[in-house]
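Worksheet: one structure, shown below.
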Amino acid sequence: MDSRRRVPRTDVVLADPRLVAAALRLGRSLVKDAVAQAQLRARQGGIDPEEVADEALAVLPPYAASLRPVINMTGVLVHTNLGRAPLSAAATEAAVAASGYTDVEFDLAAGVRARRGRGVLDALARAVPAAEDAHVVNNNAAALVLAATALAADREIVISRGEMVEIGDGFRIPDLLVSTGARLREVGTTNRTTYADYARAVGERTGFVLKVHPSNFRVEGFTGSVDVAALTGLGVPVVADIGSGLLEREPLLPEEPDAASTLTAGADLVTASADKLLGGPQAGLLLGRRDLVERCGRHPLARALRVGKLTLAALEATLRGPEPPVRQALRADPVALLDRAEAIAAELSSAGIDAVAVPSEAAVGGGGAPGVPLPSAAVSLPERLAVPLRTGEPPVAGRIEGGRLLLDLRAVPRERDADVTRAVLGAGG
């Protein structure tokens, strides 16, 4: 008898207790797809018909969503393609706790509606005392859109030509601002803009002056720009997009602007990302003068740009909780990193894999601290292992340099070293 005729029916396979349990966790649709794949393999002769249930279990995804956790060994701490900042354990727990019914807009004591996000707004007020008020939207681009729409629709935004940046994937700040109905008044040149350039441009049609931190490039040589403190003398609001989300000065990144210092220097409104150097979930922050923040928060667009309960919970826990992973990686000891790389390389070498510990250079990434090298250490492997590691479980992403695959340890917690070793052994076996 043709063995293909013995392939069990779908309903019979789905009745396997292991697949019944999997369906409760992952959903019937995903489990049914896995069964169909297994049945096809059996019909093609790849497995015996009796192995269909086992094969279905083997090909089931670990999660109901297609996103997969990745071990980031690229040496880029805030890697946009890998989801930027990884959440702290405290932020993850807070998001899980908020995943059901929660008091996001409800006062449990009074039994009435309450201000949305009041916990995270209080945390921001404590983290940045120089800000009179705060508002949270879904990313920094949204923060800029809201500010431009609420404060400068049908008016002019004065901006230096040297700060009209493109931040990746064809996304350009000028295009974003013009889409709000504001008009751009460009001043200065690509490399030099003076106070007089701004002063000549400011007038009765000015909504605000925008200062954009050129976070993903540096201009060197014959250059000049005007700082926030000087711009406050123009008599119009000054909005500063600091980008990477530092709330206070970071000694390791002295050139990176932070919210507290920028507001103290006189900025009326600061916008920033929460999922970069702040180390939280994707969100955009507006911090500054109460009247300006309130105008933004009361604009109809604010409803379309607001964040959900999971983001509010994770952001509050990031602000109140322990140091997030990105900050830990930023402050990692290069000597300790090299010790870890040598230990991993030694274990891999003993298994016959060409592995060597080497010094490396990491970077902040995500448009933060361009050109600032972070001394690090990596495990150097044959380039051929790059694809097996990226497609393994768990996926491990490194970088190719000089014909070798480098697995940089800067963004990897010490407790994942054993996982890295197992992944390389599996890819090289």
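Tabulated data
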| item | result |
| --- | --- |
| Residue match in region 189-198 (condition: under 31 Å from the mean Cα position of the chain (by Cα) and either in contact (Cβ under 8 Å) with a residue 24 or more places away in the chain or exposed (fewer than 15 other Cβ atoms within 10 Å of the Cβ) (or both)) | yes |
| Members of region 260-278 found to be in a helix (DSSP H, G or I) and either open to solvent by 30 Å² or more (accessible area, probe 1.4 Å) or in contact with a Cys (Cβ under 9 Å, 6 or more places away or on another chain) (or both), listed by number | 261, 264 |
| Strands (runs of 3 or more DSSP E) (entirely within region 326-410) containing at least 3 residues that are in contact (Cβ under 8 Å) with a residue 60 or more places away in the chain | 356-362, 374-382, 404-408 |
| Failed condition for residue 201, given (1) of a type in the set (A, V, I, L, M); (2) open to solvent by 30 Å² or more (accessible area, probe 1.4 Å); (3) more than 32 Å from the chain's Cα centre (by Cα) | (2) |
| Set 422, 384, 404: member being modelled with pLDDT of 95 or more and more than 29 Å from residue 59 (Cβ to Cβ) | 404 |
| Region 279-325: number of residues that are outside any helix (DSSP H, G or I) and open to solvent by 70 Å² or more (accessible area, probe 1.4 Å) | 6 |
| Hits in region 55-64 (condition: open to solvent by 50 Å² or more (accessible area, probe 1.4 Å) and either modelled with pLDDT of 95 or more or touching a helix residue (DSSP H, G or I) at 6+ places or on another chain (Cβ under 7 Å) (or both)) | 57, 59, 64 |
| Pairs, first of a type in the set (S, T, N, Q) in region 29-57, second surrounded by 16 or more Cβ atoms within 10 Å (Cβ to Cβ) and in a loop (DSSP other than H, G, I, E, B), C-beta under 6 Å, six or more apart | 39/7 |
| Scope region 65-94; condition surrounded by fewer than 21 Cβ atoms within 10 Å (Cβ to Cβ) and part of a helix (DSSP H, G or I); matching residues | 80, 81, 82, 89, 90, 92, 93 |
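The values are calculated or read from the model by the stated rules, or taken from the named source; none is laboratory data. All figures in this text were calculated on a predicted structure; none of them were measured in a lab. Cβ atoms come from the backbone with ideal geometry, glycine included; neighbour counts cover every protein chain shown. To get the accessible areas, we keep the full protein, side chains included, count just its heavy atoms, and leave off ligands, DNA and RNA. Shrake-Rupley method; radii C 1.70, N 1.55, O 1.52, S 1.80 Å.
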